[in-house]
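Asks: The structure is given below, and queries will be raised subsequently.
The values are calculated or read from the model by the stated rules, or taken from the named source; none is laboratory data. Computed from a prediction, not measured in an experiment: that's the story for all the values here. Every residue, glycine among them, receives a Cβ derived from its backbone with ideal geometry; neighbour counts consider all protein chains shown. Accessible surface is based on the protein model in full, side chains and every heavy atom, while ligands, DNA and RNA are left aside. Shrake-Rupley method; radii C 1.70, N 1.55, O 1.52, S 1.80 Å.
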Amino acid sequence: MKRILLTGAALAALNATPVFAQETLATVEERGILNCQVGLPTPGFYALAEDGTWSGMDVDLCRGVSAAIFGDPDKVEYQSVTSAVRFTALANAESDMLSRTTTWTAVRDTQLGLDFTTVNFYDGQGFLVPADSGITSALELDGGVICVLTGTTTELNLADYFRANEMSFTPVTNENVNVLVETYLGGGCDAYTNDKSGLAARRSAFPSPDEHILLPETVSKEPLGPVVRQGDDAWANLVRWVIFGMINAEELGVSSENVDEMATSTDPNIARLLGSEGNIGEGLGVKPTFMIDVIKMVGNYGELYEKHIGANTPIGIPREGTLNALWTEGGIIYAPPFR
Ligand SMILES: N[C@@H](CCC(=O)N[C@@H](CS)C(=O)NCC(=O)O)C(=O)O
């Protein structure tokens, strides 16, 4: 009996390994829909409106891939799952890509059967506290109760940071970010910790955002980016080069506003990006002018940033002078060339 059970488990494990290698694009085209995994609705990154439409920085990467494949940014079905189950859901092929503030780490990249494509936002972990708590530094949180999301790098860094600083803490954990935020707002913990972008996003939806402050410390590196299943390099390339295309577009001054005029540009870098010269699309399984659709229908990297999370949005994450500025402006947003 035991042997039979073991055999069953082994078979289940075998079935879970990707039999989809090199077939994702064909599967998506045949289905006519891109299955894109996001998290529980989060302002700025993957926000859900009352009418059921999704929007945000990470959602626009799904839309960009959809535009590249279908010439339509909205052939996407969004799958909203918690951080704790995101990798299993992707590995089981419930989605074609995951685009939801996920940190690229060695273990995730090498031990889960997954592949990180690139980084679309450089972040770091911070702490949010009530302004009237009087706390001004994370080093004052010794002995505190900290709200932290299960299944995240946040959980691991929290333990590292307190241990490194010889401080103690009591974690309050939950898989559901909404439950955790309610706990924090109800006074159930002294601080809420997450990626700083995530804290800004959540705070923007608080009843009184001004009553909460972000402490100055950044306690980790959180390079966030989309993830695909390992074993389909062509698919990983497509996701990666759509994002590289959005970054190159910003660098070259090509936006959703001017892309039609730019399509006839004689600048060789622009001509290759927009497909009037060469055929980068061929190696990706899409048409030569795929980036025209992506930029026209979704936008360049800078447009996405300003629209969803920039200084003039309720999320209000400044870009200038940060890692997320273009490399030509002192940041590290840099894409390899289209050639
Ligand atoms: N970057 C971390 C955590 C990312 C994370 O989960 N971010 C926030 C952004 S607010 C979140 O709560 N997302 C909603 C969810 O968990 O579904 C990781 O990859 O483990």
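Asks: Out of everything in the stretch 156-175 that is open to solvent by 60 Å² or more (accessible area, probe 1.4 Å) and within 14 Å of the ligand (Cβ to nearest atom), what residue ends up being farthest from THR101 (Cα to Cα)? I'd like the intermediate steps shown before the answer.
Replies: Initial filter on the stretch 156-175 (open to solvent by 60 Å² or more (accessible area, probe 1.4 Å)): 156, 160, 163-166, 168, 170-171, 173, 175.
In the following step, the residues that additionally are within 14 Å of the ligand (Cβ to nearest atom) were identified as 156, 160, 173, 175.
On the way: LEU156: 16, ASP160: 21, THR173: 19, GLU175: 15 Å.
Once the filter is applied, the top-ranked residue is ASP160.
Asks: Sort through GLY151, GLY186, GLY143 and tell me the only one that's at pLDDT below 95 and in the same structural domain as SER204 (by TED's automatic domain parsing).
Replies: Numbers: GLY186 fails: at pLDDT below 95; GLY143 fails: at pLDDT below 95.
Being at pLDDT below 95 and in the same structural domain as SER204 (by TED's automatic domain parsing) holds for just one of GLY151, GLY186, GLY143, which is GLY151.
Asks: Within the stretch 48-86, which residues are within 12 Å of the ligand (Cβ to nearest atom) and either crowded, with 21+ Cβ neighbours inside 10 Å or outside the structural domain of GLY245 (by TED's automatic domain parsing) (or both)?
Replies: If the condition is that a residue be within 12 Å of the ligand (Cβ to nearest atom) and either crowded, with 21+ Cβ neighbours inside 10 Å or outside the structural domain of GLY245 (by TED's automatic domain parsing) (or both), then GLY56, MET57, ASP58, SER83, ARG86 are the ones that fit.
Asks: Now, a different point. Inspect the stretch 270-288 for any residue being under 16 Å from ARG63 (Cα atoms) and surrounded by 14 or more Cβ atoms within 10 Å (Cβ to Cβ) and give the result as yes or no.
Replies: To start, the set of residues in the stretch 270-288 that are under 16 Å from ARG63 (Cα atoms) comprises 286.
If we keep only those that are surrounded by 14 or more Cβ atoms within 10 Å (Cβ to Cβ) too, we end up with 286.
There is at least one residue in the stretch 270-288 that is under 16 Å from ARG63 (Cα atoms) and surrounded by 14 or more Cβ atoms within 10 Å (Cβ to Cβ).
Asks: Across the stretch 289-318, what is the total count of residues that are touching a helix residue (DSSP H, G or I) at 6+ places or on another chain (Cβ under 6 Å) and open to solvent by less than 40 Å² (accessible area, probe 1.4 Å)? Before the answer, list the steps.
Replies: First, pick out the residues of the stretch 289-318 that are touching a helix residue (DSSP H, G or I) at 6+ places or on another chain (Cβ under 6 Å): 290-298, 300-302, 304, 308-309, 314-315, 317.
Cutting the leftovers down to open to solvent by less than 40 Å² (accessible area, probe 1.4 Å) gives us 290-295, 298, 300-302, 304, 308-309, 315, 317.
Looking only at that region, the number is 15.
Asks: Considering only the stretch 295-321, how many residues are over 11 Å from ASP60 (Cα atoms), of a type outside the set (Asp, Glu) and assigned to a loop (DSSP other than H, G, I, E, B)?
Replies: Summing the residues that are over 11 Å from ASP60 (Cα atoms), of a type outside the set (Asp, Glu) and assigned to a loop (DSSP other than H, G, I, E, B) in the stretch 295-321 gives 12.
Asks: Would you point out the residue of the stretch 194-245, among those that are among the β-branched types (Val, Ile, Thr), more than 10 Å from the ligand (Cβ to nearest atom) and open to solvent by less than 30 Å² (accessible area, probe 1.4 Å), that is nearest to VAL294 (Cα to Cα)?
Replies: VAL242
Asks: Does the stretch 132-150 contain at least one residue that is of a type in the set (Ser, Thr, Tyr) and within 11 Å of the ligand (Cβ to nearest atom)?
Replies: Checked against the condition, which is being of a type in the set (Ser, Thr, Tyr) and within 11 Å of the ligand (Cβ to nearest atom), the stretch 132-150 yields at least one hit.
Asks: State whether one or more residues within the stretch 279-287 are away from the ligand (no atom under 16 Å from the Cβ) and within 20 Å of GLY124 (Cβ to Cβ).
Replies: Filtering the stretch 279-287 for residues away from the ligand (no atom under 16 Å from the Cβ) gives 279-287.
With within 20 Å of GLY124 (Cβ to Cβ) added as a condition, the list becomes none.
No, because not a single residue in the stretch 279-287 is away from the ligand (no atom under 16 Å from the Cβ) and within 20 Å of GLY124 (Cβ to Cβ).
Asks: In the list LEU214, LEU224, which residue meets the criterion of being touching a Gly at 6+ places or on another chain (Cβ under 6 Å) and not hydroxyl-bearing (Ser, Thr, Tyr)? Don't jump to the end; show me each part of the working.
Replies: Numbers: LEU224 fails: touching a Gly at 6+ places or on another chain (Cβ under 6 Å).
Unique residue meeting the criteria: LEU214.
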